[in-house]
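Please read the structure below before turning to the comments.
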Amino acid sequence: MASITFREIEGSSPRYWFLLGFIALFAALGLGAAYYMEHHGHIVTGMNNSIVWGTPHVFAVFLIVAASGALNVASIASVFGKVMYKPLAPLSALLAFALLMGGLTVLMLDLGRADRLIVAMTYYNLKSVFAWNVVLYTGFFSIVAVYIWTMMEKKMNTYSKAAGMAAFIWRLILTTGTGSIFGFLVARDAYSSALLAPMFIILSFAYGLAVYLLVLMAAYTWSGRPLGDAVLKRLGKLLAVFVAAALYFVFVYHLTNLYFTKQHAVEHFILVSGGIYTTLFWVGQILIGGIVPLIILLNPALRASRGLLVAACLMIVFGGLAQMYVTIIGAQAFPLDIFPGWEEKSAFFDGVVHHYAPSLPEVLLGLGGVAIALAMVTFGIKILRFMPDSLADAEVDPHAKA
Amino acid sequence: MNDSQASHHSTSEVDEHRRNFIGASAALAGLTVAPGVVVYGLAHAKPDSEPVTNKVRWGLLVDATKCAEGCTDCVTACHTENAIQTGALETDPHWIRKVELKDMRTGRSQSLPVMCQHCEDAPCVDVCPTGASFKRADGIVLVDRHICIGCRYCVMACPYKARSFIHETLTDQNPDVPRGKGCVESCTMCVHRVDRGQQPACVEACSKAGHNAIIFGDLNDPNSDIAQRVAGHPTSQLRADLALNPGVRYEGL
C-alpha cells in the first residue's frame with residue numbers, strides 16, 4: 001500500500017464558503033427557533049402534556065445514535081486492525097464528535113429550562129439513566145478527542161490502538177445508555193424491554209455508516225479528491241450487513257411483543273391502526289429505510305452506481321428518522337393503560353390516542369442540530385488533516401480490481 | 001308564701017346561679033383549652049424547625065363507591081388552592097382529574113379521581129437526572145423547582161399520567177405553591193397545608209360536598225382512619241403490577 005498523505009482541504013473556493021454559509025444559515029435558524037421556544041414556552045411547539053418529547057428528540061436521538069455508529073469505521077481500523085479502514089478513521093472520529101455535538105445541542109435547547117444547563121452538569125441523580133448519559137456523552141467527547149490526537153500526532157500513533165479500543169467500548173456503553181433511556185421505562189407498553197439497548201446499537205451501526213458514507217462522498221467529490229470504488233464497495237457491503245441486522249432486531253422486538261397478550265394493543269397500534277405511525281413504520285422504517293436500501297446494497301450492479309449508493313444512504317437516514325418518530329412519538333401517542341379492562345375517559349385525555357403535529361420551530365431546531373454537526377465537519381476538514389489526499393483504489397488497496 | 005315555697009324559691013335561685021357558674025366556667029375552660037387544642041394541632045402539623053420524618057407516611061384513600069359521577073369538586077378545589085388555570089387544551093396542566101370508567105365486559109361504570117400516586121418507589125424520582133424529582137421522608141413526592149431543568153423524563157416515566165409540563169408563562173400564583181414555565185409539576189398532596197396540620201384541598205372539598213370519598217392520613221399510624229380502612233377493607237393500588245407501593249389507595253374499584 002502506498003503511504004497515505006492526510007491534508008486539509010483548501011476551502012477557499014466560493015463554493016466552499018457558500019456551502020458553509022448554507023449550513024450556517026440552518027444552524028442560525030435552529031438557534032432562533034430555540035430562542036423562540038424558550039421565550040414563549042413549549043406552547044409554540046406541537047408538544048403537549050401527553051406527548052412531551054417531540055420532533056427535537058427525534059433529531060437529537062438520531063444524531064446521538066448516528067454519532068456512535070459513525071465511529072465504527074475508525075474502530076474497524078484501530079480495534080480490528082483492518083488496514084483499508086485506516087485512512088478513513090480520522091474523518092470517522094471527527095464525524096462522531098460532530099454528530100454528538102449536534103444531537104446534544106438540540107436536546108439541551110429543547111429543555112424547559114435550557115438556562116439551567118449548569119444544574120444538569122452539577123446535580124446528579126445516579127439512578128437516572130439520563131444522568132448516566134450525561135457522563136457517557138462528556139466521556140465520549142474526551143475519549144474521541146484523545147483518539148483523534150493519537151491518530152493525527154505521529155508521536156502518539158502507538159497509543160491509537162489503545163485509544164481506539166477505549167472509544168469502541170465507550171461507544172457501545174453509550175448506545176446502551178441511549179437505548180436504555182427508553183428501555184428502562186416501565187410505564188409505557190412500547191418500552192420496558194432490555195432489547196432496546198442492543199437494538200439501538202445495531203441501528204447506530206447502520207445510521208452512522210450511512211451518514212459517514214454520505215459525508216465521505218460529498219467531501220471527496222466537492223473537494224475534487226479521488227475516491228475509488230474499492231472503499232465504497234467495502235463500506236457498502238458492510239452497510240448491507242448492518243441494515244439487515246437492524247431489520248432482524250426490529251423483527252424480534254415486535255415478535256416478542258406480539259407473543260405477549262398484554263402487548264397486543266400497542267402492537268396493533270404501531271403495526272395496524274396507528275395512522276401516521278403505522279405508515280412511518282412500514283413505509284418509512286421498513287420499506288424505505290430497510291428493504292429498498294438492502295436491495296441496492298446487496299446487488300453488485302446497483303451498488304456500483306454512486307447515485308444509487310447515495311440514494312440508499314439517504315433512505316437509511318430517512319428510515320432512521322422515521323424509526324425515531326415511531327419509537328419516541330408513537331409510543332407516547334398510545335395511551336397509558338392505568339385501568340386494564342376498563343374504558344377510560346377524562347378531561348386529561350385518558351384512554352384516547354394522543355394528538356401531535358410537529359411545529360416549524362421544532363423542525364428548525366432539529367435541522368439546526370444537523371447543521372451544527374455538518375458545520376463542524378466542514379470546518380474541521382479545512383483546519384486539520386482529517387482527509388487523505390486520495391482514496392483512489394491504488395492508494396487504499398493495490399490489489400483492488402479497477 | 002310558706003316555708004317550703006320559700007325554700008323552693010331559694011333552691012331554684014341557687015340552681016340558676018349554679019347553672020350560670022357552670023356555664024361561665026365551661027366557657028372559660030373552653031377559652032383556656034382552645035389555644036391548647038390549636039397548639040396540639042400545630043404540634044401534629046410539624047413545626048418548621050423540625051425535619052420531615054419517615055415515621056409518618058401520608059396517604060390518600062379514594063372510595064370509588066362514594067365518588068359521585070359528574071362531581072368535580074375535588075378538581076375545582078385543587079385548581080383553586082394551587083392557582084392552576086386549566087382548560088380543554090392538551091397543553092394544560094392537570095394535577096388531579098376525574099376519570100370515568102366503564103367495564104369493557106359488563107358495562108358497569110365508575111368514577112374516581114386520579115392524581116400523583118406518591119409512590120414509595122417512584123419512577124419519576126428514579127429517572128430525574130438532577131434529583132429535582134424527589135420523595136420527602138413522609139412519602140410526599142415533589143419537584144424541586146430550583147433544579148428541575150424541564151427535560152420531561154419524569155413525565156415519560158410516570159405510569160399514571162400524573163405530571164404536567166408548564167408550557168407557558170403563569171400569572172396569579174399562590175405564594176405557597178410556586179410554579180413556573182419550563183418545569184414539571186404534579187399534585188403535592190397540598191404539602192403546604194399538610195405541614196400546617198390541614199387536609200389537602202381535594203379531601204376537604206369532597207367532605208364538604210358530603211361524599212367523603214377521599215380520606216387523608218398517616219398510613220403508618222395504626223390508629224388513623226386511613227390505616228384502619230386500608231387494613232380492614234379490600235383496597236387496591238393502580239398498576240399494582242409495577243410494585244411501586246403508591247401512597248394513594250382505592251376502595252371499591
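The values are calculated or read from the model by the stated rules, or taken from the named source; none is laboratory data. Here the structure is a predicted model, which is why all the values come from computation and not from measurement. Note that we place each Cβ from the backbone using ideal geometry, even for glycine, and neighbour counts take in every protein chain shown. All accessible areas refer to the heavy atoms of the entire protein, side chains included, with ligands and DNA or RNA removed. Shrake-Rupley method; radii C 1.70, N 1.55, O 1.52, S 1.80 Å.
Values for this structure:
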{"item": "Options A:Met387, A:Met324, A:Met376: the member that is away from every other protein chain (no Cβ under 14 Å) and in contact with a His (Cβ under 9 Å, 6 or more places away or on another chain)", "result": "A:Met324"}
{"item": "Residues (touching a residue at least 12 places away in the same chain (Cβ under 8 Å) and either in contact with a Ser or Thr (Cβ under 9 Å, 6 or more places away or on another chain) or aromatic (Phe, Trp, Tyr) (or both)) located in region A:77-86", "result": "A:Ala77, A:Ser78, A:Tyr85, A:Lys86"}
{"item": "Helices (runs of 4 or more DSSP H) wholly inside region B:157-253 that include at least 2 residues being touching a residue at least 60 places away in the same chain (Cβ under 8 Å) and within 22 Å of A:Glu344 (Cβ to Cβ)", "result": "B:201-208"}
{"item": "Members of region A:188-234 found to be more than 27 Å from A:Leu172 (Cα to Cα), out of contact with any Leu (no Cβ under 9 Å at 6 or more places or on another chain) and in contact (Cβ under 8 Å) with a residue 40 or more places away in the chain, listed by number", "result": "A:Ser223, A:Asp229"}
{"item": "When residues of region B:175-184 are limited to those that are touching a helix residue (DSSP H, G or I) at 6+ places or on another chain (Cβ under 9 Å) and open to solvent by less than 30 Å² (accessible area, probe 1.4 Å), the one nearest to the other protein chains (Cβ to nearest Cβ)", "result": "B:Gly182"}
{"item": "Residue list for region B:137-156, filter: in contact (Cβ under 8 Å) with a residue 24 or more places away in the chain and among the hydrophobic types (A, V, I, L, M, F, W, C)", "result": "B:Ala137, B:Ile140, B:Val141, B:Leu142, B:Val143, B:Cys148, B:Cys154, B:Val155, B:Met156"}
{"item": "Qualifying residue in region B:224-242 (condition: open to solvent by 20 Å² or more (accessible area, probe 1.4 Å), among the polar types (S, T, N, Q) and in contact with a Pro (Cβ under 7 Å, 6 or more places away or on another chain))", "result": "yes"}
{"item": "Matching residues, region B:156-174, being out of contact with any Cys (no Cβ under 8 Å at 6 or more places or on another chain) and at the interface with chain A (Cβ under 7 Å from one of its Cβ atoms)", "result": "B:Met156, B:Pro159, B:Lys161, B:Ser164, B:His167, B:Glu168, B:Thr169"}
{"item": "Test: A:Leu321 is touching a Phe, Trp or Tyr at 6+ places or on another chain (Cβ under 6 Å) and open to solvent by 30 Å² or more (accessible area, probe 1.4 Å)", "result": "yes"}
{"item": "Residue, nearest to the other protein chains (Cβ to nearest Cβ), within region A:87-111, restricted to residues that are open to solvent by less than 10 Å² (accessible area, probe 1.4 Å) and over 23 Å from A:Ile23 (Cα atoms)", "result": "A:Ala89"}
{"item": "Selection from region A:32-62 of residues that are in contact (Cβ under 8 Å) with a residue 12 or more places away in the chain, of a type in the set (A, V, I, L, M) and within 13 Å of another protein chain (Cβ to nearest Cβ)", "result": "A:Ala34, A:Met37, A:Val44, A:Met47, A:Ile51, A:Val52, A:Ala60, A:Val61"}
{"item": "Single residue of region B:139-166 satisfying the filter (more than 18 Å from A:Leu109 (Cβ to Cβ) and out of contact with any strand residue (DSSP E or B) (no Cβ under 7 Å at 6 or more places or on another chain)) that is most open to solvent (accessible area, probe 1.4 Å)", "result": "B:His146"}
{"item": "Filter result (aliphatic (A, V, I, L, M), part of a strand (DSSP E or B) and facing chain A (nearest Cβ under 8 Å)) within region B:77-131", "result": "B:Val99, B:Leu101, B:Val114"}
{"item": "Lone qualifier among B:Val203, B:Val191 - being among the hydrophobic types (A, V, I, L, M, F, W, C), closer than 30 Å to A:Gln332 by Cβ and at pLDDT 95 or above", "result": "B:Val191"}
{"item": "Residue within region A:285-292 that is surrounded by fewer than 23 Cβ atoms within 10 Å (Cβ to Cβ) and either acidic (Asp, Glu) or modelled with pLDDT under 95 (or both) present", "result": "no"}
{"item": "Failed item, numbered, when A:Lys155 is tested on (1) modelled with pLDDT under 95; (2) open to solvent by less than 10 Å² (accessible area, probe 1.4 Å)", "result": "(2)"}
{"item": "Those residues of region A:117-132 which are at the interface with chain B (Cβ under 8 Å from one of its Cβ atoms) and surrounded by 17 or more Cβ atoms within 10 Å (Cβ to Cβ), in sequence order", "result": "A:Val119, A:Ala120, A:Tyr123, A:Asn125, A:Ser128, A:Val129, A:Phe130, A:Ala131"}
{"item": "Residues satisfying the stated conditions in region B:21-67, i.e. modelled with pLDDT of 95 or more and open to solvent by less than 40 Å² (accessible area, probe 1.4 Å)", "result": "B:Val56, B:Arg57, B:Gly59, B:Leu60, B:Leu61, B:Val62, B:Asp63, B:Ala64, B:Cys67"}
{"item": "Where B:Pro93 falls short, out of the listed (1) surrounded by 24 or more Cβ atoms within 10 Å (Cβ to Cβ); (2) of a type outside the set (Gly, Ala, Ser); (3) out of contact with any Leu (no Cβ under 6 Å at 6 or more places or on another chain); (4) closer than 22 Å to B:Ile214 by Cβ", "result": "(1)"}
{"item": "Residue tally, condition facing chain A (nearest Cβ under 7 Å) and part of a helix (DSSP H, G or I), over region B:132-155", "result": "2"}
{"item": "Some residue of region A:337-353 being out of contact with any strand residue (DSSP E or B) (no Cβ under 9 Å at 6 or more places or on another chain) and open to solvent by less than 30 Å² (accessible area, probe 1.4 Å)", "result": "no"}
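Residue-wise test of (1) crowded, with 22+ Cβ neighbours inside 10 Å; (2) over 17 Å from A:Ser92 (Cβ atoms).
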{"residue": "A:Phe141", "(1), (2)": "no, no"}
{"residue": "A:Ala145", "(1), (2)": "no, no"}
{"residue": "A:Ile148", "(1), (2)": "yes, no"}
{"residue": "A:Met151", "(1), (2)": "yes, no"}
{"residue": "A:Ala167", "(1), (2)": "yes, no"}
{"residue": "A:Leu172", "(1), (2)": "no, no"}
{"residue": "A:Phe182", "(1), (2)": "yes, yes"}
{"residue": "A:Ser193", "(1), (2)": "no, yes"}
